[in-house]
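Novice: Before I ask anything, let me first share the structure, which is written out below as structure tokens.
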């Protein structure tokens, strides 16, 4: 929330983005044209808990930004010394796009560990389909995580299967696990 303070007018809370403001007093909307509030972003691919090297600050616009960490700041300015923009709060929403990883027609005899070529930062869901199973076969997935999973096929007697089945899988997650 950004407020505009004018020396001769009380503070008014504004709930619209600043490019949609209208004057909250008997003055003119031109007062808003004389202030500027700019969101800026700086990013790094380094571990932010270490000694990261940050990019230069740049104007933040809605976009796809690939980075390990982000930092934000507001740059406030006024062309009129009697007008002061005041920030009560600000929020930036970051939405990481989903990633799908899949594999098809993977031969599995007994047990197999499937490693994702590009591990996810976070695994949200895993779906598997098996073909060429025998009557009574079942499977168990263990070690499911951002880097892959292990699947074991058991026969109807509960022993690890000795015949070959084909595995198809889809994994849903987001991000890329840092090296």
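The values are calculated or read from the model by the stated rules, or taken from the named source; none is laboratory data. None of these values were measured; they are calculated from a predicted model. Cβ placement follows ideal geometry from the backbone for every residue including glycine, while neighbour counts extend to all protein chains displayed.
Novice: Go through region 35-63 and give me each residue that's surrounded by fewer than 13 Cβ atoms within 10 Å (Cβ to Cβ) and touching a residue at least 24 places away in the same chain (Cβ under 8 Å).
Specialist: 47
Novice: Let me ask something else. Restricting region 156-179 to residues that are under 30 Å from residue 47 (Cβ atoms) and part of a loop (DSSP other than H, G, I, E, B), which is farthest from the chain's Cα centre (by Cα)?
Specialist: Ranking the candidates gives 179 first.
Novice: Of all residues in region 72-102, how many are in a strand (DSSP E or B), more than 20 Å from the chain's Cα centre (by Cα) and without any contact (Cβ under 8 Å) to a residue 60 or more places away in the chain?
Specialist: 5
Novice: Can you go through 154, 169 and tell me which one is touching a strand residue (DSSP E or B) at 6+ places or on another chain (Cβ under 6 Å), in the same structural domain as residue 102 (by TED's automatic domain parsing) and over 15 Å from residue 102 (Cβ atoms)?
Specialist: Just one listed residue meets the conditions, 154.
Novice: Taking residue 105 as the residue in question, decide whether it is surrounded by fewer than 13 Cβ atoms within 10 Å (Cβ to Cβ), modelled with pLDDT of 90 or more and either within 14 Å of the chain's Cα centre (by Cα) or not assigned by TED's automatic domain parsing to the domain that holds residue 42 (or both).
Specialist: yes
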